[in-house]
Amino acid sequence: MDALHRVAAQFTPASTVKMVQPYGAGNVNDTFLVTTSDNGSSSIGPRFILQRINTHVFRQPALIVANMRTFTEHVRVRLTQENAKRTRWEVPTVIATRKGQDHFVDQEGAFWRAISMIEEAKTYPSIRDASHARESGYALGRFQSLISDLSTDQLHDTLPGFHITPQYLAHYDSVLAQTHTYTDRIAARAKDVEHCFHFVEQRRALAATLEDALAQGKLTLRAIHGDPKVDNILIDNQSGEAIGIIDLDTVKPGLVHYDIGDCLRSCCNLAGEETTDLGAVTFDSGLCQVILEGYFEEARHFFTADDYAYLYDSIRLIAFELGLRFFTDYLAGNVYFKAKHAEHNLNRALVQFKLAAAIEAQEKEIRQITDRVR
């Protein structure tokens, strides 16, 4: 039995583990799909997700599991209380070890957790059509609506500073101050690097837009998902309807605008964040309207006038923020995001900056859209 099988066996009888294989394409944690046998027979039993949490990113991984339990229990209660138009909405279950713990730490000190697999549904790497776009917006609105009454006091801040753009800018400045980051590797892409430098400098003033609004009492901290990208939205295989959002490690207190901006950033760039064809990167305002229509089908009841006022700012800011994070990580030597090659995070930064520029070029149209969906 190899090391992965031994870890998987901590969450189910060892005799039932048939296969452990890589799953998904996350940038932070290592994720595996575990296939089990039915009571040790040749029949396929329940499948589950096994994850090795990146403790360089999540310094207190036990708090992630605690948040997941709080969140999922709250949602299950809400689902029993409401008279929803749709019957299917799924949240994963935390699977305990054979010793009754909600995680396992191996001999090397790696932190592992397991959650149930949601079957008969899948995610997609990009928006397929207008119906998928509307379902993606609906999914985020449904998710936020179900936790709109969950007190942020009940959630741990598992990623202090996450989506706080001024802090990312300060980290960028500290990386720039370290002369050892300027290597021959960076010189080889001097034109692209200079473009990124210039792009960031031109937009320093916008970094604090949302945090200033929070400090002024215009926006309010709520429970959020933290990473509602299109490839985290589960679509039912038969109906084509959204039935959940996965990757719950970033559920924490925050601004709903972080979620909205990230969802639109991800869904409205059909080229995707991994493309190397910058000419294909754009912001599809038509999809933006469809997504927001789906979102407000569920979210309208908790939105305030100030929440609406900062929609455009969130759409532009989150694209800029992610580009800044990718570029900073590239300069620092690719220490946060998984990178397939030395320039991977630089390429990702260029995509997000191109997207942010496309959003800025359509500001008037996007603001008109946010007015129409109110």
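The values are calculated or read from the model by the stated rules, or taken from the named source; none is laboratory data. Model, not experiment: these values are computed from the prediction. Here the Cβ positions follow ideal geometry from the backbone for every residue, glycine too, while neighbour counts run over all protein chains shown.
Take the conditions in a helix (DSSP H, G or I), surrounded by 17 or more Cβ atoms within 10 Å (Cβ to Cβ) and among the charged types (D, E, K, R) and apply them to residue 365. Does it pass?
Judged against the criteria, residue 365 is not a match.
Okay, residues lined up against (1) touching a Pro at 6+ places or on another chain (Cβ under 8 Å); (2) within 25 Å of residue 57 (Cβ to Cβ):
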residue	(1), (2)
125	no, yes
135	no, no
138	no, no
143	yes, yes
160	no, yes
186	no, yes
189	no, no
205	no, no
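When residues of the range 269-301 are filtered for being among the aromatic types (Phe, Trp, Tyr) and within 27 Å of residue 166 (Cα to Cα), how many remain?
Total meeting the criteria: 1.
Quickly run through the range 63-111 and pick out the residues that are β-branched (Val, Ile, Thr) and without any contact (Cβ under 8 Å) to a residue 12 or more places away in the chain.
Within the range 63-111, 77, 80, 87, 105 meet the criteria.
Within the range 34-71, track down each residue that is loosely packed, with under 14 Cβ neighbours inside 10 Å and either in contact with an Asp or Glu (Cβ under 7 Å, 6 or more places away or on another chain) or among the basic types (Lys, Arg) (or both).
44, 59, 69
Residue under question is residue 348, and the condition is that it be outside any helix (DSSP H, G or I) and either among the charged types (D, E, K, R) or in contact with a strand residue (DSSP E or B) (Cβ under 9 Å, 6 or more places away or on another chain) (or both); does it hold?
Judged against the criteria, residue 348 is not a match.
Only one of (1) of a type in the set (A, V, I, L, M, F, W, C); (2) over 29 Å from residue 125 (Cα atoms); (3) touching a residue at least 24 places away in the same chain (Cβ under 8 Å) fails for residue 270. Which number is that?
Looking at each condition in turn, residue 270 falls short on (2).
Among the candidates 133, 114, which residue alone is touching a residue at least 60 places away in the same chain (Cβ under 8 Å), touching a helix residue (DSSP H, G or I) at 6+ places or on another chain (Cβ under 7 Å) and closer than 19 Å to residue 295 by Cβ?
Criteria check complete, one pass: 133.
Residues checked against (1) more than 19 Å from the chain's Cα centre (by Cα); (2) surrounded by fewer than 17 Cβ atoms within 10 Å (Cβ to Cβ); (3) not assigned by TED's automatic domain parsing to the domain that holds residue 368:
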{"site": "234", "(1), (2), (3)": "no, no, no"}
{"site": "267", "(1), (2), (3)": "no, no, no"}
{"site": "282", "(1), (2), (3)": "yes, no, no"}
{"site": "295", "(1), (2), (3)": "no, no, no"}
{"site": "307", "(1), (2), (3)": "yes, no, no"}
{"site": "312", "(1), (2), (3)": "yes, no, no"}
{"site": "338", "(1), (2), (3)": "no, yes, no"}
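Check whether at least one residue in the range 70-80 is hydroxyl-bearing (Ser, Thr, Tyr) and under 26 Å from residue 238 (Cα atoms), and report yes or no.
yes
Just to be sure before I move on: is residue 223 out of contact with any strand residue (DSSP E or B) (no Cβ under 8 Å at 6 or more places or on another chain), more than 20 Å from residue 338 (Cα to Cα), of a type in the set (Gly, Ala, Ser) and surrounded by 14 or more Cβ atoms within 10 Å (Cβ to Cβ) in the structure I sent?
It is false that residue 223 is out of contact with any strand residue (DSSP E or B) (no Cβ under 8 Å at 6 or more places or on another chain), more than 20 Å from residue 338 (Cα to Cα), of a type in the set (Gly, Ala, Ser) and surrounded by 14 or more Cβ atoms within 10 Å (Cβ to Cβ).
Yes or no: residue 31 modelled with pLDDT under 95 and surrounded by 13 or more Cβ atoms within 10 Å (Cβ to Cβ)?
Yes; evaluated as a whole, the condition is true for this residue.
Can you confirm whether the range 131-142 contains a residue that is modelled with pLDDT of 95 or more and surrounded by fewer than 16 Cβ atoms within 10 Å (Cβ to Cβ)?
Yes; the residues of the range 131-142 include at least one that is modelled with pLDDT of 95 or more and surrounded by fewer than 16 Cβ atoms within 10 Å (Cβ to Cβ).
Where in the range 112-192 are there helices (runs of 4 or more DSSP H), lying fully within it, with 2 or more residues that are among the polar types (S, T, N, Q) and over 26 Å from residue 326 (Cα atoms)?
The qualifying helices (runs of 4 or more DSSP H) are 130-146.
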